[in-house]
Amino acid sequence: MLSIDSLRVTYGGAVEAVRGVTMEVPDGKVVAVLGSNGAGKSTLLRTVSGTLRLHRGRVDEGSVRFDGDVLTSRDPGQIVRQGVVQVPEGRRIFGRLTVEENLRAGGMGNRDRAAKAAAHARVHDLFPVLAERSGQRAGLLSGGEQQMLAIGRALMASPKLLLLDEPSLGLAPRIIGQIGEVIAEINRQGTSVLLVEQNATMALGVADLAYVLDVGKVSLSGPAAELARTDEVQRLYLGHGDAAETGPATRGPRRTLSRWTA
Amino acid sequence: MTQFLSLLLNGLSLGAIYALIALGFVIIFKASEVVSFTHGSLLLLGAYSIARLSEPLGFLGAVLVGLVITALAAFLVERFIINRLRGAPVISLAIVTIGVDIILLTELIRRIGPDILNVPHPWGGESVRIGGIGITQNRLIAMIVAGLLIAAFFVAFKYSSWGVAMRASAEDGETAALMGIRQGRVSALAWVVAGVLAGVAALFLVGSPTPGVSSAVYATALRAFPAAILGGLDSTGGALVGGLLIGLAESFAAGYQENLLFLGRGFGEVVPYVVMIAVLLVRPSGLFGTKELTRV
């Protein structure tokens, strides 16, 4: 289980990106984190994965634990070996490497040969297209295929918890639906998922639990199905309700969210 | 015609040695994002070690220990300087490597002094003739060894886990880290490989027709820089082509010197740089370099 406890993160000692976030990802569940740009979603995942330092960010307070081990002081490689693996935003596949080499790169943190072979079979099973294109340069794949490769690459490390940063970004609605199905399938096979999304329809469709992040704080949380029914989520993320209500005049000073219909 | 073929063969063998050096330069750039100006003095260190050790240890022992020393020196530079400055601006890192180079070079020149240290290559200074074309045995062996080493390098770069890890982290370091690839390790190994390649290049660079180890070897080693740059700093294939091109250009310019007298004597020495500038004017990122080198 991943537990994040009153986490505060700043960049360059000045910009507060996450201001006291507490959340949990129970074993075997899919947890969605919704929020607009700048809500602190990516910062949250960077903190969990240990890449905050590369962005000159720092944990000021609070902790991130996975199965009881504190992750905040570990380097990214150790965190991968603990079983927490991220699919970064914008896919970030290695475009000049072949599809197969991308998968090999994903398995670098996985020392167990048998587990790696099993993971490889699982990836080809989930994404037959990656088997067909194994010798092709990854940069030549379509956007949807690249997202599948990015997920497959992360699965090569046999994660217990998969972190996904906006997997729907820039993809066609039909492909987003497929990605949602894949996430559900990966979860059925026993991997917990922390899904960060702007596309609330897809995220709330696959998630068991959900959190809404707003300027670095959790503003709403609960079971995904319940959250989807609340007025705020309906209005801000699912695109229902009266547009006039979201106008700046009716918003408080901290309410910088405008209407995000993904 | 014989002269042409002879210059061609000699140019290729010299180019193969340059390619070894340039290859090291390129993999360091790819793994650590540093333009390493320490390479010239590392090479001189290799040459000096082999020359000094060949009396107590014999030729073979001296070569082995010399290669270890060069690799170790490269490793230490990476561990104690480059790795600690990770994330510093590329320019500062390059300047730091210039500093290290000057320190190492000054010490080596002090030790070598005005002498020319002899490396007792078992193949000596003999020449062989292949169909009327003359080449020193040293250069011929250099070409064969460099060819094998470069082939082995390319196979490892393409198929080994180190190669995949190296290319992945060169393309996107942060994502490679997210995959559990340890960049520190990848980078350290790149410096070690580059050190070994420089050591091997040193071994042949101080053999016939070069008289031996003197501080002039440093200037020769520096010609691998234009080789790496004209090939495209981040392209291993480019380093190979660039090395060969520079070797050929130098050989032809020296061989046809009397036809180039209007450019002055010793034009061969500046030819590598002239070729580099000519190539860069047409292709600013080198022959095979990636156009956009800015990494965010």
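The values are calculated or read from the model by the stated rules, or taken from the named source; none is laboratory data. All figures in this text were calculated on a predicted structure; none of them were measured in a lab. Cβ coordinates were reconstructed from backbone atoms using ideal geometry, including for glycine residues, and neighbour counts include every protein chain displayed.
Only one of B:F29, B:F4 is closer than 13 Å to B:A194 by Cα and out of contact with any Cys (no Cβ under 8 Å at 6 or more places or on another chain); which? Outline the logic, then answer.
Numbers: B:F4 fails: closer than 13 Å to B:A194 by Cα.
That would be B:F29, the only listed residue that is closer than 13 Å to B:A194 by Cα and out of contact with any Cys (no Cβ under 8 Å at 6 or more places or on another chain).
Do any helices (runs of 4 or more DSSP H) entirely within the range A:184-262 hold 2 or more residues that are within 22 Å of the chain's Cα centre (by Cα) and at pLDDT 90 or above, and if so, which? Full working, then the answer.
Values: elements: A:200-206, A:224-229, A:231-236.
Filter on the range A:184-262 gives A:200-206.
So, in the range B:162-175, of the ones that are within 7 Å of chain A (Cβ to nearest Cβ) and of a type in the set (G, A, S), which residue ends up farthest from A:G90 (Cα to Cα)? Reasoning before the result, please.
Keep residues of the range B:162-175 that are within 7 Å of chain A (Cβ to nearest Cβ), which gives B:164-165, B:167-168, B:171-172, B:174-175.
Pick out the ones that are also of a type in the set (G, A, S) and you get B:165, B:168.
Working: B:A165: 21, B:A168: 16 Å.
Out of the qualifying residues, it is B:A165.
Can you name the residue in the range B:154-172 that is touching a residue at least 60 places away in the same chain (Cβ under 8 Å) and surrounded by fewer than 20 Cβ atoms within 10 Å (Cβ to Cβ) and is also nearest to the chain's Cα centre (by Cα) among such residues?
Filtering first and then ranking leaves B:F154.
The conditions are (1) surrounded by fewer than 17 Cβ atoms within 10 Å (Cβ to Cβ); (2) assigned to a loop (DSSP other than H, G, I, E, B); (3) of a type in the set (D, E, K, R), and B:E258 fails exactly one of them. Which is it?
All conditions pass for B:E258, except number (2).
Within the range A:137-157, take every residue that is over 19 Å from the mean Cα position of the chain (by Cα) and among the hydrophobic types (A, V, I, L, M, F, W, C) and give me the one that is nearest to the other protein chains (Cβ to nearest Cβ).
Filtering the range A:137-157 for residues that are over 19 Å from the mean Cα position of the chain (by Cα) and among the hydrophobic types (A, V, I, L, M, F, W, C), the one nearest to the other protein chains (Cβ to nearest Cβ) comes out as A:A138.
For the range B:1-28, name all the residues that are of a type in the set (F, W, Y) and more than 13 Å from the chain's Cα centre (by Cα). Lay out the reasoning, then the answer.
Our first condition is that a residue be of a type in the set (F, W, Y); within the range B:1-28, this holds for B:4, B:18, B:25.
Within the range B:1-28, just B:F4 meets the criteria.
Could you tell me which of the residues B:I82, B:I69, B:I91 is buried (at least 16 other Cβ atoms within 10 Å of the Cβ), more than 14 Å from chain A (Cβ to nearest Cβ) and either over 29 Å from B:F204 (Cα atoms) or modelled with pLDDT of 95 or more (or both)?
Details: B:I82 fails: either over 29 Å from B:F204 (Cα atoms) or modelled with pLDDT of 95 or more (or both); B:I91 fails: buried (at least 16 other Cβ atoms within 10 Å of the Cβ).
Answer to the check: B:I69.
Which of the residues belonging to the range B:1-33 are of a type in the set (A, V, I, L, M, F, W, C), closer than 14 Å to B:M143 by Cα and touching a strand residue (DSSP E or B) at 6+ places or on another chain (Cβ under 7 Å)?
The answer is B:L9, and nothing else.
Inside the range A:78-92, can you point out the residues that are over 23 Å from A:R8 (Cα atoms) and either touching a Leu at 6+ places or on another chain (Cβ under 7 Å) or not charged (D, E, K, R) (or both)? Even if it seems obvious, please write down each step before you answer.
Residues of the range A:78-92 that are over 23 Å from A:R8 (Cα atoms), as a first pass: A:81, A:83, A:90-92.
Result: A:G83, A:G90.
Which residues, taken from the range A:34-68, are touching a Leu at 6+ places or on another chain (Cβ under 9 Å), under 23 Å from A:L220 (Cα atoms) and either within 14 Å of chain B (Cβ to nearest Cβ) or among the hydroxyl-bearing types (S, T, Y) (or both)?
Within the range A:34-68, A:S36, A:T43, A:L45, A:R46, A:T47, A:V48, A:S63 qualify.
Can you spot a residue in the range A:121-143 that is under 28 Å from A:V212 (Cβ atoms) and either touching a residue at least 24 places away in the same chain (Cβ under 8 Å) or aromatic (F, W, Y) (or both)? Steps first, answer last, please.
Start the filter on the range A:121-143 by keeping residues that are under 28 Å from A:V212 (Cβ atoms), which leaves A:143.
With either touching a residue at least 24 places away in the same chain (Cβ under 8 Å) or aromatic (F, W, Y) (or both) added as a condition, the list becomes A:143.
Yes, because at least one residue in the range A:121-143 is under 28 Å from A:V212 (Cβ atoms) and either touching a residue at least 24 places away in the same chain (Cβ under 8 Å) or aromatic (F, W, Y) (or both).
Within the range B:16-62, work out how many residues are on the phi > 0 side of the Ramachandran plot and not in a helix (DSSP H, G or I).
Final tally of qualifying residues: 1.
B:F204: in contact (Cβ under 8 Å) with a residue 12 or more places away in the chain and within 13 Å of the chain's Cα centre (by Cα), yes or no?
Details: in contact (Cβ under 8 Å) with a residue 12 or more places away in the chain: yes; within 13 Å of the chain's Cα centre (by Cα): yes.
Here the answer is yes, as B:F204 does meet what is asked.
Looking at (1) touching a Leu at 6+ places or on another chain (Cβ under 6 Å); (2) within 26 Å of B:V241 (Cβ to Cβ); (3) modelled with pLDDT of 90 or more, which is the only condition B:I144 fails?
Every listed condition holds for B:I144 apart from (1).
Identify, from the list A:V33, A:V87, the residue that is of a type in the set (V, I, T) and either in contact with a Phe, Trp or Tyr (Cβ under 8 Å, 6 or more places away or on another chain) or more than 30 Å from A:R133 (Cβ to Cβ) (or both). Working first, answer last.
On the way: A:V87 fails: either in contact with a Phe, Trp or Tyr (Cβ under 8 Å, 6 or more places away or on another chain) or more than 30 Å from A:R133 (Cβ to Cβ) (or both).
Just one listed residue meets the conditions, A:V33.
Within 13 Å of another protein chain (Cβ to nearest Cβ), crowded, with 24+ Cβ neighbours inside 10 Å and under 28 Å from B:V68 (Cβ atoms), is that true of B:M179?
No, not satisfied.
Which condition breaks for A:V9 when tested against (1) surrounded by fewer than 18 Cβ atoms within 10 Å (Cβ to Cβ); (2) in contact with a Leu (Cβ under 9 Å, 6 or more places away or on another chain); (3) away from every other protein chain (no Cβ under 14 Å)?
(1)
Conditions (1) of a type in the set (V, I, T); (2) within 28 Å of A:V215 (Cβ to Cβ), marked per residue:
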position: A:R65; (1), (2): no, yes
position: A:V87; (1), (2): yes, yes
position: A:R92; (1), (2): no, yes
position: A:N102; (1), (2): no, no
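Report, by residue number, each residue of the range A:98-136 that is within 12 Å of another protein chain (Cβ to nearest Cβ) and closer than 12 Å to A:L149 by Cα.
Within the range A:98-136, A:T98, A:E100, A:E101, A:N102, A:L103, A:R104, A:A105, A:G106 meet the criteria.
Only one of (1) out of contact with any helix residue (DSSP H, G or I) (no Cβ under 8 Å at 6 or more places or on another chain); (2) more than 13 Å from chain B (Cβ to nearest Cβ); (3) at positive phi fails for A:G90. Which number is that?
Among (1) out of contact with any helix residue (DSSP H, G or I) (no Cβ under 8 Å at 6 or more places or on another chain); (2) more than 13 Å from chain B (Cβ to nearest Cβ); (3) at positive phi, A:G90 violates only (2).
In the range B:249-268, which residues are within 15 Å of B:A224 (Cα to Cα) and touching a residue at least 24 places away in the same chain (Cβ under 8 Å)? So that I can check it myself, show each step before the final result.
Initially, the range B:249-268 is screened for residues within 15 Å of B:A224 (Cα to Cα), giving B:249-251, B:268.
Answer for the range B:249-268, where residues must be within 15 Å of B:A224 (Cα to Cα) and touching a residue at least 24 places away in the same chain (Cβ under 8 Å): B:A249, B:E250, B:S251.
Table: residues versus (1) at pLDDT below 90; (2) surrounded by fewer than 24 Cβ atoms within 10 Å (Cβ to Cβ); (3) within 20 Å of B:T220 (Cα to Cα); (4) not small (G, A, S).
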position: B:A16; (1), (2), (3), (4): no, no, yes, no
position: B:L23; (1), (2), (3), (4): no, no, yes, yes
position: B:T38; (1), (2), (3), (4): no, no, yes, yes
position: B:A47; (1), (2), (3), (4): no, no, yes, no
position: B:F59; (1), (2), (3), (4): no, yes, no, yes
